[in-house]
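Reading through the structure tokens given below for one structure.
The values are calculated or read from the model by the stated rules, or taken from the named source; none is laboratory data. Here the structure is a predicted model, which means the values were calculated and not measured. Don't worry about glycine lacking a Cβ; one is built from the backbone with ideal geometry, like all the others, and counts go over all protein chains shown. Heads up: the accessible areas ignore ligands, DNA and RNA and are worked out on the full protein's heavy atoms, side chains in. Shrake-Rupley method; radii C 1.70, N 1.55, O 1.52, S 1.80 Å.
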Amino acid sequence: MAVKRLRDYGLKSERLLWPTKGPSVFERELGVDELEQKLMLTTLEKAVAWAQTKSMWPDQFGLSCCAMEMIAIVASRYDIARFGMEAFRASPRQADLLIVSGRVAHKMAAPLRQIYDQMLEPKWVIAMGACASSGGMFNNYAVLQGVDKIVAVDIHVPGCPPRPEALLEGIVRLHEKVLAGVPPAYEIRGVAS
């Protein structure tokens, strides 16, 4: 296996690009196993993903009992501010995370889709609770049987209603997806019409 030089990692200083020079003392002492971690090198994609997870601004779409649990995550007990998400936005043009909490009636499907369409990209959606995920116990003509029929959902948080800890777990899972480079749901799959 050939030893990778610093220039192989994309560093372009004049000293490193000289073909006649061998590895420097610094390169020999550093080794090549964990070069990216030791020098704190990263890619632009990783830096952008990290920044996106630290500055997601949620737009609340609370419709029923799950909305009370969603409101509780802003309080000091759960403190969503540690994720940089304490400012719930009332305008979809300032938000990039839509938290749909509660049952969605068919009358609310069009306003929900309009809010989703007004959000800037990249955008993510969390379906909070059994009603938003699958219609819950309301298997009737008035309630939409899953919000993923009108918007692309990234994370489903189960429960009726789910505790604030469950929503925080969903947010952490969404952050893990973003950091892993998984594109938002609307880029992966379409939405049923």
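Counting only protein chain heavy atoms and rolling a 1.4 Å probe, the accessible areas of W50, W124, W57 rank, largest first, as W50, W57, W124. What the stretch 93-170 shows is 44 Å² of accessible area per residue, with the surface traced by a 1.4 Å probe over protein heavy atoms. Heavy-atom accessible area for R113, with the other protein chains in place and a 1.4 Å probe, reaches approximately 80 Å².
A 1.4 Å probe, protein heavy atoms only, puts the accessible area of K46 near 100 Å². Using heavy atoms of the protein chains and a probe of 1.4 Å, the accessible area assigned to R173 is about 100 Å².
Here the stretch 60-100 is scanned for amide nitrogen atoms under 20 Å from the site 7 Å beyond the Cα of Q114 along Cα-to-Cβ, giving 60-64, 89-100.
Residue order by solvent-accessible surface for D117, D154 is D117, D154, largest first, with ligands and nucleic acids left out and a 1.4 Å probe.
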